[in-house]
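The values are calculated or read from the model by the stated rules, or taken from the named source; none is laboratory data. What you are looking at is a predicted structure, and each value in this text was computed from that prediction instead of being measured. Neighbour counts are summed over all protein chains in view; Cβ atoms, including those assigned to glycine, are modelled from backbone coordinates with ideal geometry.
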């Protein structure tokens with residue numbers, strides 16, 4: 001990963017990831033557009049391609065994709081301390097909200113108005129996930145062959161019930177075999 005040489009302060013890392021986490025409902029994929037805006041477009045800490053790579057790696061290892069991605073970016077910019085601070089920033093708002101919900105709101109979950117509100121939130125989350133898929137797709141599927149691999153992987157998971165873990169491993173192996181020359185000829189940070 002190339003990234004720029006700007007070395008953010010640890011508090012800046014914490015607050016950027018805490019802000020993204022605090023204003024996002026729906027998980028790591030929904031956060032993608034906000035992370036792109038903050039860490040790529042606004043701060044310039046990493047390139048768009050690096051963000052897609054962080055997401056791919058974050059999805060490929062155990063754990064929560066948003067925290068994994070924040071950890072990778074934090075490590076990239078400030079080492080172990082940056083990884084810890086970025087992960088803590090990403091986790092802090094969710095932890096606070098979960099504690100508040102557990103303490104005060106669980107008694108209202110069966111309320112018809114609360115259920116209707118959750119139905120609206122779920123519909124919005126689907127739209128945000130769709131937007132993240134389009135943004136990641138534009139960066140990742142840049143040729144017919146990559147498009148065929150994406151469609152094939154999707155069909156294998158949906159129609160054949162293939163394990164996503166196997167598809168990630170197969171995708172990594174195919175990428176290594178099919179795109180070695182492309183990776184060596186593309187300048188770092190380019191898309």
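Details
- The set of residues in the range 135-155 being part of a loop (DSSP other than H, G, I, E, B) and either free of Cβ contacts under 8 Å to residues at least 40 places away in the same chain or surrounded by fewer than 11 Cβ atoms within 10 Å (Cβ to Cβ) (or both) consists of 141, 143.
- Pairs are defined by a Cβ separation below 8 Å, a sequence spacing of at least 6 or placement on different chains, a first member in the range 113-134 that is free of Cβ contacts under 8 Å to residues at least 12 places away in the same chain, and a second member that is not in a helix (DSSP H, G or I); the pairs so defined are 115/109.
- Tally, over the range 25-46, of residues that are without any contact (Cβ under 8 Å) to a residue 24 or more places away in the chain and surrounded by 16 or more Cβ atoms within 10 Å (Cβ to Cβ): 3
- Within the range 37-86, the only residue that satisfies the criterion of being at positive phi and part of a helix (DSSP H, G or I) is 79.
A quick yes/no check of all residues on (1) more than 16 Å from residue 50 (Cα to Cα); (2) out of contact with any helix residue (DSSP H, G or I) (no Cβ under 6 Å at 6 or more places or on another chain); (3) surrounded by fewer than 21 Cβ atoms within 10 Å (Cβ to Cβ); (4) modelled with pLDDT under 90:
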{"position": "71", "(1), (2), (3), (4)": "no, no, no, no"}
{"position": "75", "(1), (2), (3), (4)": "no, no, yes, no"}
{"position": "92", "(1), (2), (3), (4)": "yes, no, yes, no"}
{"position": "97", "(1), (2), (3), (4)": "yes, yes, yes, yes"}
{"position": "103", "(1), (2), (3), (4)": "yes, yes, yes, yes"}
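- Residue in the range 7-15 that is assigned to a helix (DSSP H, G or I), within 29 Å of residue 166 (Cα to Cα) and without any contact (Cβ under 8 Å) to a residue 40 or more places away in the chain present: no
- Enumeration of residues in the range 16-32 that are over 13 Å from residue 58 (Cβ atoms) and within 9 Å of the chain's Cα centre (by Cα): 30
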